[in-house]
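The values are calculated or read from the model by the stated rules, or taken from the named source; none is laboratory data. Quick caveat, the model's predicted, so the values are computed rather than measured. Cβ sites come from the backbone with ideal geometry, for glycine too, and all protein chains shown count toward neighbours.
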Amino acid sequence: MKQHLWRGYVRFGEFRQGLLRYLMPRRMQYVAHSWPLRPASCPCDVHFCEYLEQREVRGKSIFHFGTGGHHVVGMRNHAQAWANDILGLTVAPSEHASYVRQVIRDPALAAHYKVSFGDIYSLSGALLPAFDLVTLFHLCEFEDTASSGRRFDDAGLVRLFCERLAPHGRLLLYRGSFGYPSADPLIRDAVAKGWLTFVEEYQSLVIYQAGSASQPGPMACG
């Protein structure tokens with residue numbers, strides 16, 4: 001019953017989005033629902049937390065694409081005092097609102113966990129620091145090709161974050177993503193160009209490291 005209600009909730013949000021986009025074509029496409037923590041069906045964030053804990057990742061800079069309404073990565077980082085500085089990005093307004101509520105309740109959460117709302121395809125490399133870890137668990141899942149704010153496509157997104165990886169920095173993908181079959185060739189191309197090297201598979205995650213070749217130069221945004 002809960003699964004049936006969830007699907008109905010998601011479909012209603014998608015229908016509403018489609019209708020509003022029809023009426024206002026320039027309107028931003030966003031995710032209307034807040035993704036709950038469901039490790040049985042989507043364990044990537046839980047596995048990432050376990051990776052951070054087991055590998056004793058502390059005091060690093062992390063870009064986390066797709067926070068979920070649960071914000072488990074930021075919450076665990078705060079609760080366990082890992083002191084990683086995490087920049088999360090969500091395209092779901094309700095997930096950003098849940099972050100705001102959490103910070104109001106516990107301002108210390110924001111010391112090492114910041115969440116922005118926006119379309120990842122509109123990011124500017126000039127505004128991003130170098131990251132020690134980048135999670136692109138939802139690469140190729142949600143690209144609004146009609147958006148007037150779009151600066152690049154999925155291939156450009158891979159290039160952008162290869163450029164923003166710190167030396168020995170790591171980029172992580174999620175094999176269970178429905179976008180993974182499309183994302184994998186893009187990553188393989190980055191490996192072929194020497195921008196990334198394969199490191200290991202950790203549970204549902206596939207992990208790459210900044211390659212030995214020169215990182216790609218600044219992108220021309222279109």
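Some points to look at:
- Subset tally (residues that are touching a strand residue (DSSP E or B) at 6+ places or on another chain (Cβ under 8 Å) and either within 17 Å of residue 31 (Cα to Cα) or part of a helix (DSSP H, G or I) (or both)) for the range 93-113: 4
- Between 89, 127, the distinction of being more than 27 Å from residue 203 (Cα to Cα) and aliphatic (A, V, I, L, M) belongs to 127 only.
- Flag for residue 49 being in contact with a Phe, Trp or Tyr (Cβ under 6 Å, 6 or more places away or on another chain), at pLDDT 95 or above, surrounded by 13 or more Cβ atoms within 10 Å (Cβ to Cβ) and under 19 Å from residue 203 (Cβ atoms): no
- Verdict on residue 192 being more than 18 Å from residue 137 (Cβ to Cβ), aliphatic (A, V, I, L, M) and modelled with pLDDT of 95 or more: yes
- So residue 148, is it more than 16 Å from the chain's Cα centre (by Cα), polar (S, T, N, Q) and at pLDDT 95 or above: no
- In the range 53-64, residue farthest from residue 131 (Cα to Cα) [restricted to those that are surrounded by fewer than 20 Cβ atoms within 10 Å (Cβ to Cβ) and not β-branched (Val, Ile, Thr)]: 54
- One residue from 115, 72, 103, 91 being of a type in the set (Val, Ile, Thr), out of contact with any Ser or Thr (no Cβ under 7 Å at 6 or more places or on another chain) and crowded, with 19+ Cβ neighbours inside 10 Å: 91
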